[in-house]
Amino acid sequence: MRFHHEMVNGKGYPLGLEGDQIPLMARIVSVADTFDAMTTNRPYQKQMPIDLVFEKIRDMAGIRYDPEVVEALIRAYDNGRIRLRMQKSAAGLTQ
């Protein structure tokens, strides 16, 4: 997605689009990409607890992310439409 690094405040790239100038699919992918990065183990970062993930994403709503997309993601998780896979870590299983 060409525009998933745009920010709703206009300070993203490649074009500096803001708000509704950013295609809805790009606004969704931006939040989903961050959610995936925070909820899975990566070489550069361990999976985070879900409460921390939502806190961090909510802190960026209106700056980086579309607030409506953020809340839709959280509602979908709360309603059981999104489930996290258990990740294996060096210490055993984590969420």
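Computed from the coordinates by the stated procedures, all read-outs in this text should not be read as laboratory data. Only a predicted model underlies this, so the values are computations on that prediction, with no experimental measurement involved. Because the Cβ atoms are built from the backbone with ideal geometry, glycine has one as well, and the counts that use them run over all protein chains shown.
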Proximal charge balance of ALA61 [Cβ under 13 Å; K/R count +1, D/E count -1]:
-1
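For TYR13 and ASP78 in the same chain, what is the full-extension length gain: residue separation times 0.36 nm, less their Cα-Cα distance, in nm?
Values: separation 65, 0.36 × 65 = 23.40 nm, distance 3.12 nm.
Answer, rounded to one decimal: 20.3 nm.
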Report, in degrees rounded to the nearest 10, the 0 to 90 angle that the Cα long axis of helix 50-59 makes with the longest principal axis of the chain.
20 degrees
Check which residues have an amide H placed less than 5 Å from TYR65's amide H, if you skip close sequence neighbours.
VAL8
Between the DSSP loop rule and a limit of at most 12 other Cβ atoms within 10 Å, which chymotrypsin sites (Phe, Trp or Tyr not before Pro) in region 1-74 are left?
TYR44
Candidates ALA61, ALA72, ALA26; GNM for the chain (alpha-carbon contacts under 10 Å) flags as most fluctuating ALA72
Alpha-carbon radius of gyration plus Dmax, which is the widest Cα pair, for the chain in Å
14.2, 45
Given 0.36 nm per residue, what is the gain on full extension from VAL29 to GLU68 after removing their alpha carbon distance, in nm?
12.7 nm
Can you tell me which of ARG85, ARG27, ARG58 moves the most in a GNM of the chain? Springs connect C-alpha atoms under 10 Å apart.
ARG85
Computed helical MRE - 222 nm, the chain, DSSP H runs ≥ 4 contributing -39500 (n - 2.57), nearest 500:
-12500 deg cm²/dmol
Calculate, for ASP20 and ARG85, the FRET efficiency according to 1/(1 + (r/R0)^6) with r their C-beta to C-beta distance and R0 30 Å; round to the nearest 0.05.
0.35
